[in-house]
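What follows is one structure encoded as structure tokens, with my remarks underneath.
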Amino acid sequence: AISIAMTAIGSVEDAITRAGAQVGDGIYISSLTGWSAAGLAIIEKDLETDMALHAVSEFCAPTVDYSAAVQFANGKATSLCDISDAFVIQAEQIATASAVQLVVEKELISKHPEFETLSELADSQGIDVWQWILAGGEDHVFLATGQDLDGFRIGTVQAGSGVIGVEMKKAPDTWRHFQ
């Protein structure tokens, strides 16, 4: 097996951190999460459908839409991070760092153009699609808050703490780094 590790070092003038979300902001994602978790499940079951191959591709070599991050930054995102661990983990980090509550609307997520395909794949495996979307990891999708940002709006920031709207049928089995 070949392993390649890279480190980038640099600086920015105006960093957009997890600590900037403001009451009244919208919550946005750059694309639908869950594909990498789906890919891992497919690899474990050795399936070879078109939907399955796309998921495996996203697990093995996730696509990162850097232009989305640039658009979020240029759109004046108030907070920004990637969703490499799990949506519920990264959203909680933004809520905690910003001292606000993120209200996620599953109905909005289910309107994403890729949702139906991912949901069909999850159903074919007997898996709750929300497990992949909310608790899967290694998607490298961007999560941002702000006003009228490019991206897919999935909720609102309000006063309070934590993240609501991410309830699942069972406790989430979130991404954990290998130990």
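The values are calculated or read from the model by the stated rules, or taken from the named source; none is laboratory data. Just so it is clear, the model here is predicted, and its values are computed rather than measured. Cβ coordinates were reconstructed from backbone atoms using ideal geometry, including for glycine residues, and neighbour counts include every protein chain displayed. Accessible surface is based on the protein model in full, side chains and every heavy atom, while ligands, DNA and RNA are left aside. Shrake-Rupley method; radii C 1.70, N 1.55, O 1.52, S 1.80 Å.
Where the only charges are on Cβ atoms (+1 Lys, Arg; -1 Asp, Glu), what is the dipole of the chain about its Cα centre, to the nearest 20 debye? Don't skip to the end; give the middle numbers.
Working: 9 positive and 25 negative charges, 101 e Å.
The calculation lands at about 480 debye.
Diffusion of the stretch 1-99 by Stokes-Einstein, at 25 °C in a medium of 0.890 mPa s and with Rh set to the Kirkwood radius over alpha-carbon pairs, works out to 156 µm²/s. Computed with a 1.4 Å probe over protein heavy atoms only, the accessible surface of the chain comes to 55 Å² per residue. Residue by residue, the stretch 72-83 carries 3J(HN,Hα) couplings of 4, 5, 5, x, 6, 4, 8, 8, 7, 7, 9, 9 Hz when phi is fed to the Karplus relation 6.51 cos²θ - 1.76 cosθ + 1.60 (θ = phi - 60°); x denotes Gly or Pro.
Of the residues 99, 43, 88, the one whose Cα sits farthest towards the positive end of the charge dipole of the chain is 99 (charges of +1 on Lys and Arg Cβ, -1 on Asp and Glu Cβ, taken about the Cα centre).
The Cα-based radius of gyration and maximum Cα-Cα distance (Dmax) for the chain are 16.2, 48 Å.
Do the sum for the chain: with -39,500 (n - 2.57) for every DSSP H run of n ≥ 4, divided by all residues, what is the mean residue ellipticity at 222 nm, to the nearest 500 deg cm²/dmol? Mind showing how you got there, number by number?
Values: 6 runs with 58 residues, N = 179.
Roughly -9500 deg cm²/dmol at 222 nm, from the helical runs in the chain.
Across the stretch 64-126, the volume of the C-alpha convex hull divided among the residues equals 128 Å³ per residue. In bins 5 Å wide, starting from 0, what share of all Cα pairs of the stretch 101-160 does each bin hold, as a percent? Going from the shortest bin to the longest, the percentages are 4, 15, 22, 28, 17, 9, 4, 1. The Cα center of the stretch 100-148 and the Cα center of the stretch 6-80 differ in position by 11 Å. Charge tally for residue 161 (other residues, Cβ to Cβ under 15 Å; Lys, Arg +1; Asp, Glu -1): 0. Relative to the longest principal Cα axis of the chain, at what angle does helix 87-98 sit, 0 to 90 degrees, rounded to 10? Its long axis makes an angle of about 10 degrees. Scanning residues 5 or more positions from residue 25 or on other chains, those with amide H under 5 Å from its amide H are 157, with H placed 1.01 Å from N in the peptide plane.
Taking amide hydrogens as placed 1.01 Å from N in the peptide plane, the amide H of residue 141 sits under 5 Å from those of 83, each at least 5 positions away in sequence or on another chain.
Give me the percent relative contact order of the stretch 80-167, please, defined on Cα pairs under 8 angstrom at least 6 residues apart. It would help to have the intermediate numbers written out before the result.
Working: 118 pairs, mean separation 50.6, N = 88.
Over the stretch 80-167, the number comes to 57 percent.
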